[in-house]
Each structure stands twice: as C-alpha cells, then as structure tokens.
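The values are calculated or read from the model by the stated rules, or taken from the named source; none is laboratory data. Bear in mind that the values here come from a model prediction, so they are computed numbers and not experimental data. Note that each Cβ is placed from the backbone with ideal geometry, even for glycine, and that neighbours are counted across all protein chains shown.
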C-alpha cells in the first residue's frame, strides 16, 4: 500500500523541508550525516536500532533485524556517533537492496561503501571505515527513539535524504511540515518563472515574500 506522505516528501528536497521546519520551529536536520552517493536519495518510514558498548558480562550482537523489515523501510542506526567501528556493511547492503528497503541512515560509520555505490542503495552515514562493530557494540533496543546527528528519530517518523543530507519529519507533525514545504516550493517556483520571464531577482523576491518564507510562525 502506498504512503501518500512518503511520496509527497520524495517530491521535495531537504532544503525546502528544512525551511518548512524552521518556519514551524521544529528541529529535524540530522547534522553531519551525509550520503555516500550524492546521486541517490531516500524517502521512507524509520525503523530504529539503538546500539551501545558491548556488555562484558552478557555480550549481545550487532543485530539480525533486517529479515523482518518491509519494503520501503528506512533503517535508522544510532551508533552514538562513534567513529571506531561500523554497524553496516556489504552483507546488510546486499540484503537490504534485495528486499527493496528505502535506505539506511547511520550516526556513525559504514563500511564496504563500494557495494552501496555499485547497487545504487542509499546509505547516509557520519563517515566510513573498515573496522567491524562485532564484539565492540551491541543492539540495546529496536523501535525506540534514537538520536541521529542531534535530531530525535522515533519509529515511523518520515525520513528524507538527498545530496544535502538527511531530515526527519516527526510523524505527529508531518502533515503541517509537508504543507509548509509545498507552499515554500510553490513560491520559489514562481520566483524562478518570473526571473526567466525577465523580472529582476530583487523584484521577484519582494513580490513573493522570499526573505520571510522560512521565518518562524508566531505563536
């Protein structure tokens, strides 16, 4: 079954969505999380995984959650921003791509970047490295609120990624974010059209309120 808001988000870029969230006073930019392939975007609902340091008394694993995920799901992995070990590599990329998942977002590094590039599978991460997370970190919980680049991501939240990075739209407010973003995009499209028709940019911006499109709405 199609998800109308996922498709709406897919038609918008992250810059416009960020402006809409600024207007509404919502923090949703996942700072420092970048695409491994600038040409591959993502849009979908978050499945969250929270990692922690390996328990010396009762060690866990890096997780076997992927078999249970539905097509279109975006895997969101909170590895605490740590740079010394990865929680995503080529086997997961291959399986995720075969299952038509929506992409993967990691607060931390990924590895085996070559395969996500080859397959065109969307991976967004803080960095990349080759050092495994096995015996270093373990899954503490799934489907709980996590932190991705200082943005809170809850299960089911709407994730959108493009060449500029990742934003999260809190599920409870996604309709108003999308409405505001579509209005901003419509205004900017009119500015572009006016400039192409010969209107000076200064004048087109003034006519369409460009400088206040993202200004926070007063309570």
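Of the residues making up the range 56-76, one or more are within 19 Å of the chain's Cα centre (by Cα), in a strand (DSSP E or B) and within 17 Å of residue 128 (Cβ to Cβ). Within the range 97-123, being buried (at least 24 other Cβ atoms within 10 Å of the Cβ) and either outside the structural domain of residue 145 (by TED's automatic domain parsing) or farther than 18 Å from residue 136 by Cβ (or both) holds for 101, 102, 103, 104, 105, 116, 122, 123. Of the listed requirements (1) surrounded by fewer than 17 Cβ atoms within 10 Å (Cβ to Cβ); (2) under 19 Å from residue 169 (Cα atoms); (3) modelled with pLDDT of 95 or more; (4) touching a strand residue (DSSP E or B) at 6+ places or on another chain (Cβ under 7 Å), residue 31 misses just one: (4). Note on the range 157-211: residues that are in a helix (DSSP H, G or I) and in contact with a strand residue (DSSP E or B) (Cβ under 7 Å, 6 or more places away or on another chain) total 3. What are the residues in the range 206-218 that are in contact with a helix residue (DSSP H, G or I) (Cβ under 8 Å, 6 or more places away or on another chain), free of Cβ contacts under 8 Å to residues at least 60 places away in the same chain and either exposed (fewer than 14 other Cβ atoms within 10 Å of the Cβ) or under 29 Å from residue 30 (Cβ atoms) (or both), if any? Passing the criteria: 207, 209, 210, 211.
Residues that are modelled with pLDDT of 95 or more and surrounded by fewer than 19 Cβ atoms within 10 Å (Cβ to Cβ) within the range 149-173 comprise 152, 154, 155, 156, 163, 164, 170, 171, 172, 173, listed in sequence order. Filtered by the rule that a residue be in contact with a helix residue (DSSP H, G or I) (Cβ under 7 Å, 6 or more places away or on another chain) and in a loop (DSSP other than H, G, I, E, B), the range 1-26 gives 12, 26. Candidates are the residues of the range 95-130 that are in a helix (DSSP H, G or I) and in contact with a strand residue (DSSP E or B) (Cβ under 6 Å, 6 or more places away or on another chain); the one that is nearest to residue 82 (Cα to Cα) is 113.
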